[in-house]
């Protein structure tokens with residue numbers, strides 16, 4: 001079920017590293033000053049997505065707790081509170097635009113896949129599925145349901161196939177409570193409202209794990225479409241970073257984490273507009289400081305990373321000197337972490 005960290009696609013690992021660096025030392029991630037990714041990662045699946053939908057990366061160097069319990073397929077399925085101490089958190093990264101780039105993370109709870117393994121009653125977990133913001137389920141090699149953490153999504157009935165393009169109409173009437181003797185005095189009115197008839201919907205437990213997987217895409221098609229639309233803007237930022245590089249204004253300082261131990265150097269036409277130094281820390285990182293440039297225009301440069309295992313990575317950046325008009329969209333060096341919100 002698990003893979004080596006090196007087997008995770010490079011762009012996924014880089015996105016995760018940027019996000020972890022943005023969280024490091026903040027109130028959102030207490031005790032994360034020495035946080036680093038572990039040597040293993042777990043692929044996560046979603047019933048409506050072909051192939052691997054997410055990667056769960058483990059965060060070491062933090063103090064977490066285990067989940068005390070798991071739910072049954074047809075039960076309430078809550079986490080059951082915190083259990084014993086653990087030594088790793090997690091960060092879940094999407095592999096595509098079906099969800100936001102980083103939909104779930106914690107430096108206070110152990111990875112969901114570890115919780116499912118712990119409660120699988122000795123059965124080998126072959127696959128872990130991410131079903132919604134906070135729910136994960138595990139199955140064995142034959143596709144048999146084993147356990148899950150979080151609230152298992154119910155089976156809805158009566159949902160529309162598509163959202164209405166116009167709001168349902170309601171009406172309001174007002175009639176005189178009693179006849180008026182003349183037109184000089186308006187009689188007391190009795191309003192009568194006829195509300196729009198809401199669609200009758202209900203939810204129930206899924207009859208089986210196989211039916212839950214088969215019916216997932218159809219049952220939640222509107223929810224999944226809304227999630228994809230919400231994620232679109234964040235993926236546009238990711239595309240800008242990949243195309244233009246991370247933007248820095250003159251005077252900015254940016255810490256860039258390395259994915260593994262190695263060496264770094266700055267190159268490109270704008271290399272003179274930035275200074276670099278290696279940081280004496282684990283996990284390894286470099287610090288970039290954007291300086292001025294002789295030519296008052298955007299300066300592009302590259303950070304070339306050569307890792308000890310022989311792999312290489314080239315990251316593009318650009319520097320905008322003070323007072324220089326820029327026709328490029330300002331791209332924040334790191335995404336701003338947002339706590340996950342459970343959909344209604």
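Flag not set for residue 259, criterion: farther than 20 Å from residue 22 by Cβ and under 26 Å from the mean Cα position of the chain (by Cα).
When residue 60 is tested against the conditions (1) assigned to a strand (DSSP E or B); (2) surrounded by fewer than 16 Cβ atoms within 10 Å (Cβ to Cβ); (3) at pLDDT below 90, the lone failure is (3). Counting only strands (runs of 3 or more DSSP E) that sit wholly inside the stretch 229-317, those with at least 1 residues that are in contact with a helix residue (DSSP H, G or I) (Cβ under 6 Å, 6 or more places away or on another chain) are 253-257, 299-307.
Inspection of the stretch 219-240 identifies at least one residue that is within 30 Å of residue 53 (Cβ to Cβ) and in contact with a strand residue (DSSP E or B) (Cβ under 6 Å, 6 or more places away or on another chain). Annotation: residue 138 fulfils all but one of (1) under 15 Å from residue 42 (Cβ atoms); (2) touching a residue at least 40 places away in the same chain (Cβ under 8 Å); the unmet one is (2).
Return the residues of the stretch 282-303 that are under 26 Å from residue 34 (Cβ atoms) and in contact (Cβ under 8 Å) with a residue 40 or more places away in the chain; say none if nothing qualifies.
282, 283, 285, 288, 303 - these are the residues of the stretch 282-303 that are under 26 Å from residue 34 (Cβ atoms) and in contact (Cβ under 8 Å) with a residue 40 or more places away in the chain.
The values are calculated or read from the model by the stated rules, or taken from the named source; none is laboratory data. Worth saying up front: this structure is predicted, and the values here are computed from it rather than measured. Note that we place each Cβ from the backbone using ideal geometry, even for glycine, and neighbour counts take in every protein chain shown.
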